[in-house]
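Q: Please see the structure below; I have some questions.
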């Protein structure tokens with residue numbers, strides 16, 4: 001039987017999974033993270049590098065924000081994506097960010113995501129990556145975090161004694177998978193509560209409704225979701241796409257009919273292969289010069 005691109009991708013993914021045990025999380029701050037509530041693992045944001053190797057490596061990098069409603073982190077939206085992107089030659093850095101379930105609220109999560117992008121750029125030579133090709137990817141609540149950085153980045157502080165903080169936190173591209181975008185009518189209530197706590201101010205809600213924060217400087221994005229998603233309605237993705245369009249920011253938009261929330265690569269029922277979004281995203285990444 002001839003292998004489809006999806007089957008081949010899944011075969012590589014399956015064979016490579018055991019390598020993850022050798023990967024070591026790296027704390028994003030050498031001392032306590034700003035605003036840390038303690039010194040437990042949940043108080044220490046980290047990135048876990050998954051480095052593309054050999055002639056397959058393109059020099060591009062992706063910071064990956066797993067979903068989980070800002071209450072936990074879903075492995076299949078972190079490690080699994082990293083292993084898939086490694087196959088495309090993209091080095092990945094899976095972010096463990098602080099969570100509402102551990103007592104944190106905004107801006108801790110955004111600080112962690114921004115720090116991760118800066119950290120990757122600071123270590124570009126070490127990991128043989130191009131500091132001008134560092135993207136961010138997120139699913140569900142992790143997609144909200146990615147979208148927040150895509151619309152709330154800064155150019156870095158060139159006068160900081162911390163060399164990491166001198167780097168820009170602006171991602172070069174964004175990939176948003178069935179993302180929470182708005183904190184208004186179509187939001188996911190659990191994510192909103194974990195991120196902001198109870199009774200946030202209207203100004204804070206508006207500032208983190210990311211469809212309202214898009215500018216002409218927002219990076220190009222790949223967006224996908226499903227019509228069948230009842231947890232995070234597809235309107236979230238449509239609102240962000242509309243905002244990108246108004247600001248003339250390039251994007252690719254895919255809305256698939258079937259599939260519940262949290263699909264990931266979808267190597268499970270109702271799909272017994274990698275979902276078509278992966279191939280669509282690969283094509284888009286090649287257009288962005290992130291993969292061949």
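Q: Could you go through the range 88-109 and let me know if any residue there is at pLDDT 95 or above, out of contact with any strand residue (DSSP E or B) (no Cβ under 9 Å at 6 or more places or on another chain), within 21 Å of residue 224 (Cα to Cα) and crowded, with 18+ Cβ neighbours inside 10 Å.
A: yes
Q: Here's a check for you: in the range 59-78, which residue that is assigned to a helix (DSSP H, G or I) and either surrounded by 23 or more Cβ atoms within 10 Å (Cβ to Cβ) or in contact (Cβ under 8 Å) with a residue 60 or more places away in the chain (or both) is farthest from the chain's Cα centre (by Cα)? Walk me through how you get there before you give the answer.
A: Just the residues of the range 59-78 that are assigned to a helix (DSSP H, G or I), to begin with: 75-77.
Pick out the ones that are also either surrounded by 23 or more Cβ atoms within 10 Å (Cβ to Cβ) or in contact (Cβ under 8 Å) with a residue 60 or more places away in the chain (or both) and you get 76-77.
Details: 76: 13, 77: 9 Å.
Within the range 59-78, the match that is farthest from the chain's Cα centre (by Cα) is 76.
Q: Among the numbered criteria (1) out of contact with any strand residue (DSSP E or B) (no Cβ under 8 Å at 6 or more places or on another chain); (2) crowded, with 17+ Cβ neighbours inside 10 Å, which single criterion is violated by residue 281?
A: If we test residue 281 against (1) out of contact with any strand residue (DSSP E or B) (no Cβ under 8 Å at 6 or more places or on another chain); (2) crowded, with 17+ Cβ neighbours inside 10 Å, just (1) comes out false.
Q: Is it the case that some residue within the range 120-135 is crowded, with 18+ Cβ neighbours inside 10 Å, in a helix (DSSP H, G or I) and in contact with a strand residue (DSSP E or B) (Cβ under 7 Å, 6 or more places away or on another chain)?
A: Checked against the condition, which is being crowded, with 18+ Cβ neighbours inside 10 Å, in a helix (DSSP H, G or I) and in contact with a strand residue (DSSP E or B) (Cβ under 7 Å, 6 or more places away or on another chain), the range 120-135 yields at least one hit.
Q: Residue 79 passes all but one of (1) out of contact with any helix residue (DSSP H, G or I) (no Cβ under 6 Å at 6 or more places or on another chain); (2) under 30 Å from residue 197 (Cα atoms); which number fails?
A: (1)
Q: Restricting to the range 239-265, name every residue that is on the phi > 0 side of the Ramachandran plot and touching a helix residue (DSSP H, G or I) at 6+ places or on another chain (Cβ under 7 Å). Walk me through how you get there before you give the answer.
A: Taking the range 239-265 and keeping what is on the phi > 0 side of the Ramachandran plot, we get 248, 259, 262, 264.
Result: 264, single match.
Q: Still on this structure, please answer the following. Please work out if residue 251 is under 27 Å from residue 131 (Cα atoms), surrounded by fewer than 23 Cβ atoms within 10 Å (Cβ to Cβ) and under 17 Å from the mean Cα position of the chain (by Cα). Walk me through it before giving the result.
A: Working: under 27 Å from residue 131 (Cα atoms): yes; surrounded by fewer than 23 Cβ atoms within 10 Å (Cβ to Cβ): yes; under 17 Å from the mean Cα position of the chain (by Cα): yes.
Against the criterion (under 27 Å from residue 131 (Cα atoms), surrounded by fewer than 23 Cβ atoms within 10 Å (Cβ to Cβ) and under 17 Å from the mean Cα position of the chain (by Cα)), residue 251 qualifies.
Q: Pick from the range 25-58 the residues that are surrounded by 15 or more Cβ atoms within 10 Å (Cβ to Cβ) and within 17 Å of residue 75 (Cβ to Cβ): which of them is farthest from the chain's Cα centre (by Cα)?
A: Of everything passing the filter in the range 25-58, 42 is farthest from the chain's Cα centre (by Cα).
Q: Can you name every one of the strands (runs of 3 or more DSSP E) wholly within the range 147-261 that holds 1 or more residues which are within 19 Å of residue 110 (Cα to Cα)?
A: Details: elements: 174-177, 221-226, 251-256.
Per the criteria, 174-177, 221-226.
Q: Would you be able to tell me the number of residues in the range 217-248 that are under 18 Å from residue 136 (Cα atoms) and either in contact with a strand residue (DSSP E or B) (Cβ under 7 Å, 6 or more places away or on another chain) or surrounded by fewer than 18 Cβ atoms within 10 Å (Cβ to Cβ) (or both)?
A: 12
The values are calculated or read from the model by the stated rules, or taken from the named source; none is laboratory data. What you are looking at is a predicted structure, and each value in this text was computed from that prediction instead of being measured. So basically every Cβ, Gly included, is an ideal-geometry build from the backbone, and we count neighbours across all protein chains shown.
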